[in-house]
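In what follows, a single structure is set out as structure tokens and then discussed.
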Amino acid sequence: NLNKVLNTGKVNFFQMRLKKYPFKQKILIGKKIKKICKKNNVKFIVNDNFNLAIKVKADGCHMGQLDGSIKIAKKKLKNKILGVTCHNSKILANNAIKNKVSYLAFGSFFKSKLKPNARKANLDILKWAKKNIKKPIVAIGGINNLNYNRLIKSGANYIAISSFIWDNPKLKPELAIRKFK
């Protein structure tokens, strides 16, 4: 139950990540999620597709490196949140900064069920980003209640968690999220 998870007070942003759904269905789902997010004072971010983010009146969009032009997304989203995955790359991070994104995401830091073939990142990129980037930094990839702390200590302002919350065989989502301090 999304409402129970967002009602924990531990979630600042919720990202809708629906890869295998038709666009029209994503719109319907997105509009429902937007209402739940708004009710719980959580920012709603759409993954991959800035046109979908606009359509469902999301608070913003998160883009991977293959999800289209950051420049065009920034222009179309106007003053909404735009985040970009930079993997383990200072070059991608600097490009994102030039394009005036709202936040940068680095990772995958750990093995992830969601993206088993994701490029690995190391903690040095977070340390570099903390020193050199004045935008919020998000750590992504295989994060759970036992490994997130070192990401925060290395410079991440936020952590993105998926599988530990939604695909946890031992814990319901709202209990899994309560494992984080």
Problem set entry | Residue under evaluation residue 4, criteria (1) touching a helix residue (DSSP H, G or I) at 6+ places or on another chain (Cβ under 6 Å); (2) open to solvent by less than 90 Å² (accessible area, probe 1.4 Å), criterion not met | (2)
For this session: Please give the number of the condition residue 85 fails out of (1) touching a His at 6+ places or on another chain (Cβ under 9 Å); (2) among the β-branched types (Val, Ile, Thr); (3) farther than 17 Å from residue 47 by Cα.
Result: (3)
Exercise. Out of all the residues in the stretch 55-77, which are assigned to a loop (DSSP other than H, G, I, E, B) and either open to solvent by 60 Å² or more (accessible area, probe 1.4 Å) or closer than 17 Å to residue 92 by Cα (or both)?
Worked result: 57, 64, 65, 66, 67, 68, 69
Exercise. Which helices (runs of 4 or more DSSP H) does the stretch 117-181 wholly contain that include 1 or more residues that are modelled with pLDDT under 95 and among the polar types (S, T, N, Q)?
Worked result: 163-166
Exercise. In the stretch 159-179, which residue that is out of contact with any helix residue (DSSP H, G or I) (no Cβ under 9 Å at 6 or more places or on another chain) and within 21 Å of residue 126 (Cβ to Cβ) is surrounded by the most Cβ atoms within 10 Å (Cβ to Cβ)?
Worked result: 160
For this session: Search the stretch 97-114 for residues being within 28 Å of residue 164 (Cα to Cα) and not in a loop (DSSP other than H, G, I, E, B), and hand back the single one that is most open to solvent (accessible area, probe 1.4 Å).
Result: 103
Exercise. Across the stretch 10-32, which residue is surrounded by the most Cβ atoms within 10 Å (Cβ to Cβ) among those that are part of a strand (DSSP E or B) and in contact with a helix residue (DSSP H, G or I) (Cβ under 6 Å, 6 or more places away or on another chain)?
Worked result: 16
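The values are calculated or read from the model by the stated rules, or taken from the named source; none is laboratory data. Since the model is a prediction, treat every value here as computed from it, not as a measurement. Don't worry about glycine lacking a Cβ; one is built from the backbone with ideal geometry, like all the others, and counts go over all protein chains shown. Surface areas here come from the heavy atoms of the whole protein model, side chains and all, with no ligands, DNA or RNA. Shrake-Rupley method; radii C 1.70, N 1.55, O 1.52, S 1.80 Å.
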